[in-house]
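Worksheet for the structure shown next.
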Amino acid sequence: MRYASVVVDVPAKGTDKLFDYEIPNKFAGVIQPGMRVIVPFGSRKLTGFVVQLKNETDIDSVKPIHSLFDPEPVLNHELLELGAWLSETTLCYKITAFQAMLPAAMKTRYIKEIKPSSSAQLENLPEEIRTAFEKGGPLSWEDLPSSLVAVVQKEIRNGNLQIDYRVEQKQKKRLVKYVKPLLPVHELEEQLQHLPARAHKQKEVIQFFIDHPNPILLTELTNSIQGASIAVKALIKKGILTEEQVEIYRDPYEHKQFPRTKPLPLTDEQKRAMEPILDKLNRHEHEVFLMYGVTGSGKTEIYLQAIEKVLNEGKEAIVLVPEISLTPQMVQRFKSRFGSQVAVLHSGLSSGEKFDEWRKIYRKEAKLVVGARSAIFAPFQNIGIIIIDEEHETSYKQEESPRYHARDVAIYRGKYHQCPVILGSATPTLESFARAQKGVYTLLTLKERVNRRPLPEVHIVDMREELRNGNRSMFSRTLFEKLTDRLKKGEQSVLLLNKRGYSSFVMCRNCGHVIGCPHCDISLTYHRHGEKLKCHYCQFETAMPSRCPECGSEHIRFFGTGTQRIEEELNRLIPEARVIRMDVDTTSRKGMHEKLLNAFGEKKADILLGTQMIAKGLDFPDVTLVGVLSADTMLHLPDFRSGEKTFQLLTQVSGRAGRHELPGEVVIQTYTPEHYSIQLASLHDFETFYRQEMKMRKSFAYPPYYFLILITVSHPNAIKAAEVTEKIGQYLKLHLSNEAQILGPVSSPIPKMKDRYRFQCMIKYKREKNLYRTLKLLFEHYEEDMSQTDLKLMIDLNPYTIL
DNA sequence: AGCACGCCGACT
DNA sequence: GTCGGCGTGCTC
């Protein structure tokens, strides 16, 4: 093959295509699709992904590939195709899709350096530049003092200096030096005699190797013999020792012990769920399973046993978990069962550690990856099963380009490898549950907890009642009593303040009425500027009322309280209680999260107070009370999924209480106790919630009945941004079917970002034959504007948060 | 993206 | 007549 088509490392509209390069003879047969190469591009050098080889090209002036960047392909055939599919279905650049599949450490760095050209006469160069070169090697363009820029440019023109473009990978492999003797012990003893008398250090080193003739880490040697490195160098020169560079992995779990566990006996219910999975595994067929099982029903054990079967057949497995740095227990369970076959990928690792875990997978040293969203791109060749745990978690959707959902990628890969995909959750997304109801996915249900412990009793407290009774505090009397009771018994409590988002809704403290949009079934957002209430979905806005439109009370105001204020109030009310507060402020430093949780686990505190982050994966035997301070904050966010998210959160947090011997209790404080999300969560009744919520989704044309697309337009000029958004809406009305609804334009929930004004419009559609084409044409239509006037268009297909 | 090319005003 | 400012368009 004479030519290679390359996707070049420039994420831009004009370069989002294939560039053909000639394959020089020296690389013939070496260059393969999926490899990264360094290619000349204009006057620079860039990396690019080879996507295909061919013998013909339409380009008259093809340049040759400069060099290889990887010795072997980093993307296999499947991942190359997956990248193309990703860029098509999420409307991102090809290069962006490819890069998303590799660890960030493998991104390339471009270094621009100045060096004297080969023909240059150094003595002709100006003094200041010459001295700069004498100090050492080429000068980096970035560090060049501004005083020298003009001179350097002049000398480049004169041909005395030239610019060198270098390409490097951000993260290097970690190498360590091993030293070992080249000679057998008796010859070493002989050498000892021949050394000069004053070479004490060298003698000492040789003696060391006589005693321990095995290879040793250079650093370990210098630990036992101070200053040995110079002596070692001399001995290597003499041919007595030799050194060897060995590549090592940075192992984040190096010092942790994982006692081995064996498969547990399955309950009848677990066996029944396991059967169809095993059947598909045996037939090597693809199928998506939705495993809907209450908290504690033993989903993980089913995952483990299915994986065991897959690994025994010599195949690989991917397990996605929401964010495992938060749940070390999860890693523990997999490592304990499968040992060193497990690679772990999550955001708590450094980029170097992620790189090393990736390479373990790439080299087939790991057969199972447990990781967050991006682990779905693990470079396996022979996948036997893919599992997505806590399927409903929003973190599976990437919010930057490529805006993919890990579930979609999992199903793509599952089809490719003809293997089962398991989605597991106690509170599945409506999308997945609806698909299971329709038979698109196979539903597996686990209704019983493994240890037969009952689900905790949930009390709903009406905070309006509290106010009427003169209690203006954040703590209801019920919660206060139960907290002091636990304190007396020496048991622990968890308090959750679910405060998400910055936008505040307006609520009447007297009757609990929340002011909503008459067109969207979404609460209105308070805007301090102009004292207005606005809908983030449609154009509706209204003035901030001074009295509640329902009951006429003056106790109407916007909501939003911080954990800090609650901690203060807690200290005032129960001064003897020891409180650990967990929020963004107290956990921003690395390791703090685990440290605080460990402290709580060691019973160094009575109450754990925190935001969302404490809802997941906590498992402490002495926690017998969970309090949700205000269930409403999330319920009234201007997001059609707020009911679903509230139900999920309440169900999840309820699962934190009474997991072991002691029975648990949950107190949910709310101003809207009658809301079905809260009522049904307290009854642990997902299925009724599902039916109720589906009715709402149907009548307001939301997913899963309709698909959504969110288009965000940004421009430094607010009027321009609004105008373009308006035009885009009209364009779409023209080109999409009558079935599609186009809402907006409205100001984006973050109306101004980085000095750019943002407007958005939303499309609701059922089926659109030419959807991708229409959206691509839309991009092209505004191309001129985009480059000329600094306009930016963002399209999110199936957005998760509209906030 | 980033770089060359090209056209304009300001200065030696 | 040259230097350097930024708008425009291309990169196999």
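Every number here is computed from the coordinates shown, using simple stated rules; none is lab data. Note that this is a predicted model, so its numbers are computed, not measured. Backbone-built Cβ (ideal geometry, glycine too); neighbour counts: all protein chains shown.
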Legend entry - Violating pairs (Cα-Cα greater than 27 angstrom) within the set A:Lys17/A:Lys764; A:Lys733/A:Lys776; A:Lys54/A:Lys172: A:Lys17/A:Lys764; A:Lys54/A:Lys172
Legend entry - Residues with amide H under 5 Å from that of A:Val494, placed H, sequence gap 5 or more: A:Leu608, A:Leu625, A:Val626, A:Gly627
Inset, instruction - Sort A:Tyr731, A:Tyr110 so that the residue with the fewest other Cβ atoms within 10 Å of its own Cβ comes first and the one with the most comes last. - result: A:Tyr110, A:Tyr731
Legend entry - Computed [θ] at 222 nm, deg cm²/dmol, chain A (DSSP H ≥ 4; -39,500 (n - 2.57); rounded to nearest 500): -10000 deg cm²/dmol
Legend entry - Percent breakdown of C-alpha pair distances by 10 Å bin, ordered from the shortest bin, for chain A: 2, 11, 17, 21, 20, 14, 9, 5, 2, 0, 0
Legend entry - Gain on full stretching of the segment that runs from A:Arg109 to A:Lys262 - 0.36 nm per residue minus C-alpha separation: 50.5 nm
Inset, instruction - For A:Lys177, put the label point 7 Å out on the Cα→Cβ axis and report which residues of region A:192-218 keep their amide N under 20 Å from it. - result: A:199-210, A:212-218
Legend entry - region A:313-363: trypsin sites (Lys or Arg not before Pro) falling in loop per DSSP and having at most 13 other Cβ within 10 Å: A:Arg363
Inset, instruction - Provide, as a two-decimal number, the C-alpha radius of gyration of region A:175-247 over 2.2 N^0.38 Å, N being how many residues it has. - result: 1.00
Legend entry - Estimated distance in nm for a label pair at A:Val151 and A:His255, the labels positioned 7 Å out from Cα along Cα-to-Cβ: 5.1
Legend entry - Environment charge at A:Arg166 (Cβ cut-off 9 Å; Lys +1, Arg +1, Asp -1, Glu -1): 0
Legend entry - Percentage of interatomic Cα-Cα distances in region A:268-450 larger than 31 Å: 9
Legend entry - Those GluC sites (Glu not before Pro) in region A:686-768 that DSSP places in a loop and that have at most 16 other beta carbons within 10 Å: A:Glu739
Legend entry - Cut-off under 5 Å, modelled amide H: who pairs with A:Leu345 long-range: A:Val370, A:Gly371, A:Ala372
Legend entry - Charge sum, other residues only, whose C-beta stays under 9 Å from A:Ala740's C-beta, Lys/Arg counted +1 and Asp/Glu -1: +1
Inset, instruction - Return the FRET efficiency for the residue pair A:Glu365, A:Lys595: r is the Cβ-Cβ distance, R0 is 45 Å, and the value is rounded to the nearest 0.05. - result: 0.90
Legend entry - Bins of 10 Å from zero: percent of alpha-carbon pairs in region A:203-329: 9, 26, 19, 12, 14, 14, 7, 0
Legend entry - Likely footprinting exposure, A:Asp622, A:Asp143, fewest C-beta neighbours within 10 Å first: A:Asp143, A:Asp622
Inset, instruction - Please give the FRET efficiency for A:Glu187 paired with A:Phe133, using the beta carbon to beta carbon distance and R0 = 51 Å, rounded to the nearest 0.05. - result: 0.60
Inset, instruction - State, to one decimal in nm, how far the label point of A:Gln418 lies from the label point of A:Thr219, with both points 7 Å from Cα in the Cβ direction. - result: 4.7
Legend entry - Gain upon complete extension [A:Lys776, A:Gln692; 0.36 nm per residue less C-alpha separation]: 26.5 nm
Inset, instruction - Sort the following peptides by mean Cβ neighbour count (other Cβ atoms within 10 Å, averaged over residues), highest first: A:212-225, A:631-644. - result: A:631-644, A:212-225
Inset, instruction - Using only the Cα atoms of region A:707-797, each taken as one equal point scatterer with no solvent, compute I(q) by the Debye sum, divide by I(0), and report log10 of the ratio at q = 0.23 Å⁻¹. - result: -1.15
Inset, instruction - Quick one: what are the phi-derived ³J(HN,Hα) couplings along region A:466-483, Karplus 6.51/-1.76/1.60 with θ = phi - 60°, whole Hz, x for glycine and proline? - result: 4, 5, 4, 8, x, 9, 9, 7, 6, 10, 6, 5, 4, 5, 4, 4, 5, 5
Legend entry - Hypothetical label at A:Gln52: residues of region A:64-101 whose amide nitrogen lies under 13 Å (7 Å Cα-Cβ projection): A:81, A:84
Legend entry - Cut-off under 5 Å, modelled amide H: who pairs with A:Ser117 long-range: A:Leu161, A:Gln162
Legend entry - Neighbour-count ranking [beta-carbon atoms within 10 angstrom, fewest first] of A:Thr478, A:Thr89, A:Thr624: A:Thr478, A:Thr89, A:Thr624
Inset, instruction - Taking the Cα centre of chain A as origin, work out the dipole magnitude from +1 charges on Lys and Arg Cβ and -1 charges on Asp and Glu Cβ, in debye rounded to 20. - result: 80
Inset, instruction - Report the normalised scattering of region A:560-703 as log10 I(q)/I(0) at q = 0.19, 0.21 Å⁻¹, calculated by the Debye formula with identical scatterers on the alpha carbons. - result: -1.21, -1.37
Legend entry - From the C-alpha gyration tensor of region A:3-107, square roots of 5λ in Å: 21, 15, 13
Legend entry - 13 Å beta-carbon shell around A:Val450, net charge (K/R +1, D/E -1): +3
Legend entry - Where a label projected 7 Å from the Cα of A:Ile163 along Cα→Cβ would reach, residues of region A:16-59 with amide N under 15 Å: A:40-46
Legend entry - Alpha-carbon centroid distance for the pair region A:289-363 / region A:201-262, whole angstrom: 33
Inset, instruction - Provide the per-residue ³J(HN,Hα) series for region A:215-230, in order, calculated from phi with Karplus coefficients 6.51, -1.76, 1.60 and θ = phi - 60°, each as a whole number of Hz, with x at glycine and proline positions. - result: x, 9, 5, 3, 5, 6, 4, 5, 5, 8, 10, 4, x, 6, 4, 5
Inset, instruction - State the antiparallel share, in %, of DSSP beta bridges confined to chain A, rounding to the nearest 5. - result: 60
Legend entry - For region A:130-181 versus region A:11-35, the gap between their alpha-carbon centres in whole angstrom: 27
Inset, instruction - With θ set to phi - 60°, apply the Karplus curve 6.51 cos²θ - 1.76 cosθ + 1.60 along region A:601-612 and write out the HN-Hα couplings as whole Hz, x wherever there is a Gly or Pro. - result: x, 7, 6, 7, 8, 9, 10, 9, 10, x, 8, 2
Legend entry - Net lengthening on full extension, A:Ala234/A:Ser340 (0.36 nm per residue, minus Cα-Cα): 34.3 nm
